[in-house]
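Asker: Here you go, one structure.
The values are calculated or read from the model by the stated rules, or taken from the named source; none is laboratory data. Values in this document were obtained by computation on a predicted structure and should not be read as measured data. Note that we place each Cβ from the backbone using ideal geometry, even for glycine, and neighbour counts take in every protein chain shown. Areas reflect the complete protein model, heavy atoms only, side chains present, ligands, DNA and RNA absent. Shrake-Rupley method; radii C 1.70, N 1.55, O 1.52, S 1.80 Å.
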Amino acid sequence: MPRMQSLSGDDLVVVTGGAGFIGSHIVSHLAELGLRVVVSDLFGSGDKWRNIASAQLYDLVRPDMLPEWLERHSGKVAAIVHMAAISSTTETDIDRFVANNIRLTLDLWEWCAANAARLIYASSAATYGDGSAGFSDDQAPAALAALRPLNAYGWSKHVVDRRVVEDVVHGRPSPPQWAGLKFFNVYGPHEAHKGDMQSVVGKVCPIIEAGGTVTLFKSHNPAYRDGGQLRDFVYVKDCVATVSWLLQNPKVTGLFNVGSGAARSFLDLVNAVGAAVGRSPKVRFVDTPAELRDKYQYFTQADISKLRAAGFDQPFYSLEEGVRDFVQSRRGAE
């Protein structure tokens, strides 16, 4: 297996949230490349450990022990890929976002800056709010200041993006490479542990396979028909490819959108799953809960021109290709 350029087999790469959805795919990929991978995550009593069961790991660290572990291994850690976060858009305890999404990320930012380690962290398309300010990953402070996230999750990611950029603009200490990845609607294997927060693809696939009826939200915007709400659905393998490419290109820094670049409807998604599993899907529509209506995005589409201009030229999976691969992986795991 070829080693990754710019990283050696003696380097340690820490992946926070490494047993989670996106993180576990990154862990498996980096381990296959022969890197010494360290996972920081909580496992609880469920099957989350299965997400990384086949990966060759160098170490596992509880998140509350990570600061001490990093100090003991300073000088050996080449990069931190920070995927850990409270990702629930319906979480009401704002202090959890502050502690887990803001404070932890900034602690890692400062540690990487002080220890010359590279940092790639998960931001989110939720920073764009209702999209009225567009979906360009322009990192100019004025452009970031114009964004209005609709929920506390998006706000927590936005706080970090703005602080990071401010440090860079003012020449304050920063990691030798850094990238904040604004993930759009990611789907793929290893989502089951997320429960109600897993992707729509993950939720509807078993329903359609069993011949059940999929429930989608009605549109409360006259510009969109029921099921016609549009999202940029991005396959998790494309997220991994982006992280891998960044680690191979240490001179590339900045905020980057990670999405397919093509907005597709929820009905497109349901039909793609139906085609992949060989069933004609049945759909019913219900009212969007009142508490979500003023926070609901009707359109998201990543502008990926900045990532392309930086040199990332791999094609993204189409919705149909990604769903087909996801369904095949599900069946292979059974």
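Asker: Select from segment 120-139 the residues that are farther than 22 Å from M197 by Cβ and open to solvent by 40 Å² or more (accessible area, probe 1.4 Å) and list them in ascending order.
Answerer: Of everything in segment 120-139, those that are farther than 22 Å from M197 by Cβ and open to solvent by 40 Å² or more (accessible area, probe 1.4 Å) turn out to be S132, A133, S136, D138, Q139.
Asker: Among the residues of segment 125-153 satisfying the criterion of being in contact with a strand residue (DSSP E or B) (Cβ under 6 Å, 6 or more places away or on another chain) and not charged (D, E, K, R), which is nearest to S6 (Cα to Cα)?
Answerer: In this case the residue turns out to be Q139.
Asker: With the requirement that a residue be surrounded by 12 or more Cβ atoms within 10 Å (Cβ to Cβ) and without any contact (Cβ under 8 Å) to a residue 40 or more places away in the chain, what does segment 66-78 give you?
Answerer: W69
Asker: Here's a follow-up. Please go through segment 248-262 and give me each residue that is within 30 Å of V168 (Cβ to Cβ), open to solvent by 20 Å² or more (accessible area, probe 1.4 Å) and touching a Ser or Thr at 6+ places or on another chain (Cβ under 8 Å), ordered by number. It would help to see each step written out before you state the result.
Answerer: Initially, segment 248-262 is screened for residues within 30 Å of V168 (Cβ to Cβ), giving 248-261.
Restricting the remaining residues to those that are open to solvent by 20 Å² or more (accessible area, probe 1.4 Å) gives 248-253, 260-261.
Residues satisfying the conditions are Q248, N249, P250, S260.
Asker: Something else about it: Any idea how many residues of segment 118-143 are free of Cβ contacts under 8 Å to residues at least 24 places away in the same chain and not in a loop (DSSP other than H, G, I, E, B)?
Answerer: Residues flagged as free of Cβ contacts under 8 Å to residues at least 24 places away in the same chain and not in a loop (DSSP other than H, G, I, E, B) within segment 118-143 amount to 2.
Asker: Looking at this structure, is A210 surrounded by fewer than 17 Cβ atoms within 10 Å (Cβ to Cβ), aliphatic (A, V, I, L, M) and without any contact (Cβ under 8 Å) to a residue 12 or more places away in the chain?
Answerer: yes
Asker: Now for a different question. Only one of A262, A276 is under 22 Å from I208 (Cα atoms) and in contact (Cβ under 8 Å) with a residue 40 or more places away in the chain. Can you tell me which?
Answerer: Details: A262 fails: under 22 Å from I208 (Cα atoms).
Within the list A262, A276, the selection yields A276.
Asker: Got a sec? Which of L42, L35, L12 is open to solvent by 20 Å² or more (accessible area, probe 1.4 Å) and not β-branched (V, I, T)?
Answerer: Answer to the selection: L42.
Asker: Looking at (1) in contact with a helix residue (DSSP H, G or I) (Cβ under 7 Å, 6 or more places away or on another chain); (2) within 22 Å of G131 (Cα to Cα), can you tell me which one H193 breaks?
Answerer: Single failed check for H193: (2).
Asker: What pairs come up if the first residue lies in segment 216-228 and is closer than 7 Å to Y298 by Cβ, the second is open to solvent by less than 60 Å² (accessible area, probe 1.4 Å) and in a strand (DSSP E or B), and their beta carbons are under 8 Å apart, counting only those six or more places apart or on different chains?
Answerer: Short answer, once both residue conditions are applied: Y224/L230.
Asker: Restricted to segment 248-286, and to residues that are out of contact with any helix residue (DSSP H, G or I) (no Cβ under 7 Å at 6 or more places or on another chain) and of a type in the set (V, I, T), which residue is farthest from A310 (Cα to Cα)?
Answerer: Ranking the candidates gives V286 first.
Asker: Spot the failing condition for S156; the list is (1) buried (at least 21 other Cβ atoms within 10 Å of the Cβ); (2) assigned to a helix (DSSP H, G or I); (3) over 22 Å from the mean Cα position of the chain (by Cα), and only one is missed.
Answerer: All conditions are met except number (3).
Matching residues to (1) under 16 Å from G188 (Cα atoms); (2) open to solvent by less than 70 Å² (accessible area, probe 1.4 Å); (3) assigned to a loop (DSSP other than H, G, I, E, B):
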position	(1), (2), (3)
V273	yes, yes, no
K295	no, no, yes
D303	no, yes, yes
A309	no, no, no
Q314	no, no, yes
G322	yes, yes, no
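Asker: Considering only segment 275-293, how many residues are outside any helix (DSSP H, G or I) and surrounded by fewer than 19 Cβ atoms within 10 Å (Cβ to Cβ)?
Answerer: Number of matching residues: 11.
Asker: What residue, among those in segment 88-112 that are in contact with a helix residue (DSSP H, G or I) (Cβ under 8 Å, 6 or more places away or on another chain) and either under 17 Å from K76 (Cα atoms) or among the charged types (D, E, K, R) (or both), is least open to solvent (accessible area, probe 1.4 Å)?
Answerer: Only one residue fits best here, namely W109.
Asker: Does segment 76-84 include one or more residues that are modelled with pLDDT of 95 or more and in a helix (DSSP H, G or I)?
Answerer: no
Asker: Which one is surrounded by the most Cβ atoms within 10 Å (Cβ to Cβ), of the residues in segment 15-32 that are out of contact with any Asp or Glu (no Cβ under 9 Å at 6 or more places or on another chain) and closer than 18 Å to A78 by Cα?
Answerer: V27
Asker: In a loop (DSSP other than H, G, I, E, B) and within 19 Å of the chain's Cα centre (by Cα): is that true of L150 in this structure?
Answerer: Considered against the rule, which asks whether it is in a loop (DSSP other than H, G, I, E, B) and within 19 Å of the chain's Cα centre (by Cα), L150 comes out as yes.
Asker: Given segment 171-220, what strands (runs of 3 or more DSSP E) lie entirely inside it while holding 1 or more residues that are under 30 Å from V252 (Cα atoms) and among the small types (G, A, S)?
Answerer: Hits in segment 171-220: 178-183.
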